[in-house]
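> First the structure, then my questions, so here it is.
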Amino acid sequence: MSATLIQLADTIAATIASQTWILPVVVQRAYQPIHTLADTRQAVRVNVVPASVIHEYFSRAQTKVSYTVQIGILHRPTPMSQTELDKLMQLTESMLAYFRGKRLPPTNYYCVRMAYEPLYASEHMDEYRQFTAVISLTFRAEEFHA
């Protein structure tokens, strides 16, 4: 695992934890986040997971490296109402908007791609009565790496 990817994931987790969102969140960086249904009922869980590193070679001397971090948002609202689900969708969209084009200090990386598909895991709603959304953020440095 790339040290840069770990640093990015740590920075993203700390950034999310330091912000005020529409709902309070409990944030952790993890490789395999595991929560019980009781955990996700008590609080909105946000998991930051280092996901991938992609090297693109433009010539023998030039490479562009992309780092992807996934953010999982899990909550089992009580009651499972339209209003509560709307708040979770707003939370997810606000996190997505927060990182749009964002440069993450102290790194020199900025967000170049965001994916939020599907909007939520419908099978988790059916089986567990739990809202689950995953955002994928891809970061790059501004310069080419030789």
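> How big is the chain on each of its three principal axes, counting only the C-alpha atoms and giving the largest first in Å?
If we take the Cα atoms of the chain, the spans are 56, 28, 22 Å.
> Fully extended, how many nm does the chain gain between residue 116 and residue 32 (0.36 nm per residue separation, minus their Cα-Cα distance)?
Extra length available between residue 116 and residue 32 comes to 28.3 nm.
> Let me ask something additional. Which order do the peptides 6-16, 31-41 come out in when sorted by mean C-beta neighbours inside 10 angstrom, highest first?
6-16, 31-41
> What number, rounded to the nearest 500 deg cm²/dmol, is the helix-based mean residue ellipticity at 222 nm of the chain, given -39500 (n - 2.57) per DSSP H run of at least four residues and division by all its residues?
-10000 deg cm²/dmol
> Could you tell me what fraction of 2.2 N^0.38 Å the Cα radius of gyration of segment 34-92 comes to, as a two-decimal ratio?
1.75
> While we're looking at this one, here's another question. Taking 0.36 nm per intervening residue step and subtracting the Cα-Cα distance, what contour gain separates residue 94 from residue 18 on full extension?
25.9 nm
> Angle, helix 82-99 long axis vs. longest principal axis of the chain, Cα atoms, 0 to 90°, nearest 10?
It is inclined by approximately 10 degrees.
> Determine, for each peptide in 117-127, 44-54, the mean count of other beta carbons within 10 angstrom over its residues, then list the peptides with the highest first. Don't skip to the answer; put the middle values down first.
Working: 117-127: 12.2, 44-54: 18.9.
The most tightly packed comes first, giving 44-54, 117-127.
No value in this document is a laboratory result; all are computed from the given coordinates. Keep in mind that what you see is a predicted model, and the values were worked out from it rather than measured. Here the Cβ is made from the backbone with ideal geometry for all residues, glycine too, and neighbour counts use every protein chain on show.
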